[in-house]
Ligand code: NDP
């Protein structure tokens, strides 16, 4: 149990599955006292299921608010904070997790719609969420306070063939995170990033446009991380005392080393 996270309000994007879902569950499991979780994604029904699961496990100390939010749509992010019930508006931690990859193809043949969707979700969505939440952090006294944890990827550091656009989006996340951390260096606002390697989630099903068989093949002969492996590190980062910044964390399964 982490006392430091007691009473915090945490917003997680892409909380309907995979790493985001596991992160929500892990926050609730480790800090069940007066925690407020705002779970966002496009699939509201799935978010509601996650919320029910958390409330059942963690008990009444955790309040969970599922919110339908498409981060690729700036107009939805604009009203996001203002439309939250008042008791959920004082956000302490933003986990920018929503993201996707579409297709595996050489750069010249990647469809324009897929390029736009990857950038709008993984990059612009993450930036817009950050801009929406930062004023709350900055309003907390002269030094501000709050945590931003961005989910990047090993792909942002080690580009691979067939993933040029996805890799470019995650390299952009990495640059944005680094620059923002420097801009906020004299404040109590922490900007952190975790870059996972291979994690078995719905990610690959989305990558192959819903083809479950193709997605399964990705994990044949290897043991990927579980979303819980990543979630534990996210919660660890948020739970450090405020002078400690776990800025930049690479986590991957042993076979990927
Ligand atoms: P999942 O597909 O399981 O989860 C992705 C989440 O993002 C879902 O909850 C999805 O919810 C949400 N999402 C997608 N597009 C949008 C959107 N436009 N607006 C709001 N939410 C959206 O995959 P992971 O858990 O694996 O992915 C989470 C993050 O981890 C991503 O940023 C991914 O790039 C990163 N990552 C994943 C790795 C892996 O191997 N799995 C490796 C490295 C990084 P919904 O469909 O309901 O909107």
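Tabulated data for the structure shown
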read-out	value
Selection from region 95-107 of residues that are in a loop (DSSP other than H, G, I, E, B), within 10 Å of the ligand (Cβ to nearest atom) and either touching a strand residue (DSSP E or B) at 6+ places or on another chain (Cβ under 6 Å) or modelled with pLDDT under 95 (or both)	97, 98
Residue 11 touching a residue at least 60 places away in the same chain (Cβ under 8 Å) and surrounded by fewer than 17 Cβ atoms within 10 Å (Cβ to Cβ)	no
Unique match (being part of a helix (DSSP H, G or I), buried (at least 18 other Cβ atoms within 10 Å of the Cβ) and modelled with pLDDT of 95 or more) among 192, 237	237
Condition check for residue 246: out of contact with any strand residue (DSSP E or B) (no Cβ under 7 Å at 6 or more places or on another chain), modelled with pLDDT of 95 or more and within 22 Å of residue 140 (Cβ to Cβ)	no
Residue count, region 1-60 (criterion: within 13 Å of the ligand (Cβ to nearest atom) and more than 18 Å from residue 231 (Cβ to Cβ))	5
Filter result for residue 210 (away from the ligand (no atom under 15 Å from the Cβ), over 22 Å from residue 126 (Cβ atoms) and in a loop (DSSP other than H, G, I, E, B))	no
Scope region 60-77; condition part of a helix (DSSP H, G or I) and surrounded by fewer than 18 Cβ atoms within 10 Å (Cβ to Cβ); matching residues	74, 75
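The values are calculated or read from the model by the stated rules, or taken from the named source; none is laboratory data. Since the model is a prediction, treat every value here as computed from it, not as a measurement. Cβ sites come from the backbone with ideal geometry, for glycine too, and all protein chains shown count toward neighbours.
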